[in-house]
Amino acid sequence: MPFVLALVLSAAPVRLVQSVQGVPVGVVEVEVKAGVLTYRARHVFRDEARAFETSWPVDAAGRDAAGLSSEVLALSVRSAPGCREVREERTGRRERLCLDAEGRGSLDEVKLRAAWDARGRLTWLELLDGAGLVVSRFDRSAAEPKPGRDPFVDGFPVTGDGPAVRLQPAAGATQVVVEGVSAEAVNEGTCLSAARAWVSAHAGDVVQLGVVVEAGRAWPHAWVRRASGTFVDPTLDAASAARSARHYLAFPDDVAGALYLELASGSRRVARSSP
């Protein structure tokens, strides 16, 4: 274990895309550099709580003054079955992590399951409720947001001009027409909470993720895909939607989180053109 952990500490940061109820909502990162561990969490959607960052000194094995590894660092490599004490990153609280040989276990009272690749590196982690249903999932990603300000706050750059919007390189994203709702049905909450509230009241409708292009930038956004295949944005009234210069680009459900991070890293971009 110490040898494997040393390899992890000398490699790229551990970067995880977090999904809640199947919706990618943020990026969690742990990096060890020059004897300091830094934990960062960034939310994808601009109208949510934006970011959290904390750091503390660690030894050559990534342990704090009490001899504890961070939760993410402890889970980032496969270890022998059993229990160990770890540090919760946001609060610094001591927690008990237990895992069996199949990657099932618990973190204090929270059930979890995890998987690692052939080299023993974490690929995904799921936190479960009492019924065994997935509450939150974390998938490892190598894509790294560009340095500087939070790209999810600033939005992503858009190249070109014209009414057609697409991703480059292509990734199955589709430009769609999105309607507004009646004035009394507008939800003034966050885009994700508004979409979820609509879906809970309309059987067969689902949350749609993608970007909305406006004011020269592409912003992470959530709206609704109706059971009929049409789209509606519960944060926008119909009259405003009719006047809007917004362009919506819908992402495939299974890769939305990866696409947000690739846009943040610059490995993929949003482009406009003539039809």
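Of all the residues that make up region 111-133, how many are touching a Ser or Thr at 6+ places or on another chain (Cβ under 8 Å), farther than 16 Å from Cys98 by Cα and surrounded by 15 or more Cβ atoms within 10 Å (Cβ to Cβ)?
The qualifying residues number 1.
Within region 249-256, identify whether any single residue is under 17 Å from Ala194 (Cβ atoms) and either surrounded by fewer than 22 Cβ atoms within 10 Å (Cβ to Cβ) or of a type in the set (S, T, N, Q) (or both), and answer yes or no.
yes
Can you spot a residue in region 215-227 that is among the β-branched types (Val, Ile, Thr), part of a strand (DSSP E or B) and out of contact with any Ser or Thr (no Cβ under 7 Å at 6 or more places or on another chain)? Don't jump to the end; show me each part of the working.
Step one: list which residues in region 215-227 are among the β-branched types (Val, Ile, Thr), which gives 224.
The next check asks that each one be part of a strand (DSSP E or B); those that pass are 224.
Right, trim to out of contact with any Ser or Thr (no Cβ under 7 Å at 6 or more places or on another chain) and you get 224.
Yes; the residues of region 215-227 include at least one that is among the β-branched types (Val, Ile, Thr), part of a strand (DSSP E or B) and out of contact with any Ser or Thr (no Cβ under 7 Å at 6 or more places or on another chain).
Could you count how many residues in region 65-89 are more than 12 Å from Val30 (Cβ to Cβ) and open to solvent by 20 Å² or more (accessible area, probe 1.4 Å)?
12
On the given criteria, is Gly160 surrounded by 13 or more Cβ atoms within 10 Å (Cβ to Cβ) and in contact (Cβ under 8 Å) with a residue 12 or more places away in the chain?
Yes, satisfied.
Among the residues of region 29-82, which ones are polar (S, T, N, Q) and either assigned to a loop (DSSP other than H, G, I, E, B) or more than 19 Å from Arg121 (Cβ to Cβ) (or both)? So that I can check it myself, show each step before the final result.
Initial filter on region 29-82 (polar (S, T, N, Q)): 38, 54-55, 69-70, 76, 79.
Across region 29-82, the qualifying residues are Thr38, Thr54, Ser55, Ser76, Ser79.
Select from region 228-271 the residues that are part of a strand (DSSP E or B) and under 13 Å from Pro169 (Cα atoms) and list them in ascending order.
Across region 228-271, the qualifying residues are Arg269, Val270, Ala271.
State the number of residues belonging to region 90-110 that are among the polar types (S, T, N, Q), touching a strand residue (DSSP E or B) at 6+ places or on another chain (Cβ under 8 Å) and open to solvent by 90 Å² or more (accessible area, probe 1.4 Å). First the steps, then the outcome.
If we filter region 90-110 for residues that are among the polar types (S, T, N, Q), which is where we start, we get 91, 106.
Then drop every residue that is not touching a strand residue (DSSP E or B) at 6+ places or on another chain (Cβ under 8 Å), which leaves 106.
With the extra rule that they be open to solvent by 90 Å² or more (accessible area, probe 1.4 Å), the set shrinks to none.
Going through region 90-110 one residue at a time, the tally reaches 0.
For region 191-212, indicate whether the set of residues that are more than 22 Å from Val20 (Cβ to Cβ) and not in a loop (DSSP other than H, G, I, E, B) is non-empty.
No, region 191-212 contains no residue that is more than 22 Å from Val20 (Cβ to Cβ) and not in a loop (DSSP other than H, G, I, E, B).
Quick one: which residue in Glu179, Glu188, Glu184, Glu144 is charged (D, E, K, R), open to solvent by 40 Å² or more (accessible area, probe 1.4 Å) and part of a strand (DSSP E or B)?
None of the others qualify; the one that does is Glu179.
Hey, can you tell me all the residues within region 222-243 that are touching a residue at least 40 places away in the same chain (Cβ under 8 Å), among the small types (Gly, Ala, Ser) and open to solvent by 40 Å² or more (accessible area, probe 1.4 Å)? Explain how you work it out, then say what you get.
Here is the first cut: in region 222-243, the residues touching a residue at least 40 places away in the same chain (Cβ under 8 Å) are 222-223, 230-242.
Among the residues that remain, those that are also among the small types (Gly, Ala, Ser) are: 222, 238-242.
Once the filter is applied, which keeps residues that are touching a residue at least 40 places away in the same chain (Cβ under 8 Å), among the small types (Gly, Ala, Ser) and open to solvent by 40 Å² or more (accessible area, probe 1.4 Å), region 222-243 yields Ala238, Ala239, Ala242.
The values are calculated or read from the model by the stated rules, or taken from the named source; none is laboratory data. A quick note: this is a predicted structure, and the numbers were derived from the prediction, not measured. No Cβ is skipped: glycine too gets one built from the backbone with ideal geometry, and neighbour counts run over all protein chains shown. For accessibility, only protein heavy atoms count, side chains too; no ligands or nucleic acids. Shrake-Rupley method; radii C 1.70, N 1.55, O 1.52, S 1.80 Å.
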